[in-house]
Amino acid sequence: MAAQEKVIPTIIVHGGAGNMHKHEQVLAEYLKGIKIAVKAGYQALCGDTGSALNAVEAAVSSMEDFHIFNTGRGSNLTVDGEIEMDGFIMEGKEFRTGAVTCVQHITNPVQLARMVMEKTDHICLAGPGANKFAKLMGVPEVSTESLTVEKRRQMLEEFKTFLPAVKKEYKKETRLSLDDHDTVGAVAIDVDGNIACATSTGGITAKLEGRVGDSPMIGCGGYCDDNYGGISTTGHGEAIARVTLARNVIFYMEQGLSAQAAAEKGLHYMENKIQSQGGVIVLDRYGEVGKYWTTEGMPWAYMRKGELHYGLFEGDEFVEKIDDINM
């Protein structure tokens, strides 16, 4: 922040925008996972050692570990039945960023992305190079089978090519076969006004080997600037990258729009320009929240001042008081 005034620590997370069957058990799992993630992030945000970077890493790592989300231990499968994940993290003071793409055999791409940011001179490592770096950093290697859940195998059978997967996942006229969602992400601001964002994904069902979506691309899957705000995006990666959605929303905030207004304008621009849908979560430099999606639903949650707000569909705004987290 320009003046370094104290702000209320705030974190917001999303579990991916898409169309959803209203299956109560599935929706309950999304709410459970999103609430666990935002609490983990909030714990890492508050206290003497809390920071926005720690918060977004903790929140996204939690979702990578939770089977319901399309990343880490719930990742979508490529057309060949493999798992290739992308992860991204950024801070808004010096614009430091780290990313990995097409990484395999690890559980937490966002943690490896932070290692790229802090332990190399690069901003992104890809494929075998990312895996070689993970091994160098002592990241445990895991099997594809340990990252694969049955619903993803079923989805691969249903979606045999890339284009039908895109059409079914992000067009309103068709519905998903349960819960084929995209990227997860988080944005946080700490008491000193430092903003960070993180994004992680297993990509889209039946993608080609080596496909890179928006998530690891700066200004596409996420962006932050302490002077204005931070964002994480979700949706069809190729479309998001074509309009640089994350940077576009921050640009609208630079022009004076609120976090909510900028979120809406950015997604409407993408839908009108290239007829694609998605979702975003946004924080401005004062910790004010923006959240918006043009799909049927998007699991989201945010925490500030000991209150947890969350929802899935338009009009949702459930609130819980949290007493067992260090405020």
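The values are calculated or read from the model by the stated rules, or taken from the named source; none is laboratory data. Keep in mind that what you see is a predicted model, and the values were worked out from it rather than measured. Quick reminder, even Gly has a Cβ in these numbers, built from the backbone with ideal geometry, and neighbours come from all protein chains shown. Keep in mind that these areas ignore ligands, DNA and RNA; they rest on the heavy atoms of the full protein, side chains included. Shrake-Rupley method; radii C 1.70, N 1.55, O 1.52, S 1.80 Å.
Here are the numbers:
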quantity: Accessible area expressed per residue, the stretch 1-102, with surrounding protein chains retained (probe 1.4 Å, Å²); calculated: 35 Å²
quantity: Amide H contacts of VAL212 (H built 1.01 Å from N, under 5 Å, at least 5 apart or other chain); calculated: none
quantity: Under the Karplus curve 6.51 cos²θ - 1.76 cosθ + 1.60, θ = phi - 60°, whole-Hz ³J(HN,Hα) for the stretch 224-230, x wherever Gly or Pro sits; calculated: 8, 8, 4, 6, 9, x, x
quantity: Interchain or long-range residues, amide H under 5 Å from GLY278's placed H; calculated: THR294, THR295
quantity: Greater than 27 Å apart at Cα, pairs in LYS151/LYS321; LYS151/LYS207; LYS6/LYS273; LYS135/LYS291; LYS132/LYS207; calculated: LYS151/LYS321; LYS6/LYS273; LYS135/LYS291
quantity: Span per principal axis, largest first, for the Cα atoms of the stretch 177-275 (Å); calculated: 41, 30, 26
quantity: For the chain, alpha-carbon Rg over 2.2 N^0.38 Å; calculated: 0.89
quantity: In the stretch 67-131, the GluC sites (Glu not before Pro) that fall in loop regions by DSSP, at most 10 other Cβ within 10 Å; calculated: GLU94
quantity: Karplus (6.51, -1.76, 1.60) ³J(HN,Hα), θ = phi - 60°, over the stretch 247-264, in Hz, Gly and Pro reported as x; calculated: 5, 5, 5, 5, 4, 4, 5, 4, 7, x, 6, 5, 4, 5, 5, 5, 4, 5
quantity: Sequence-distant residues sharing a close amide H with SER232 (under 5 Å, placed H); calculated: ILE281
quantity: Loop-located trypsin sites (Lys or Arg not before Pro) in the stretch 1-103 whose Cβ has at most 11 other Cβ within 10 Å (DSSP); calculated: LYS6, LYS22
quantity: Over the chain: helical MRE at 222 nm, DSSP H runs n ≥ 4 each giving -39500 (n - 2.57), nearest 500; calculated: -10500 deg cm²/dmol
quantity: Radius of gyration, Dmax [the stretch 257-327; alpha carbons; angstrom]; calculated: 13.9, 46
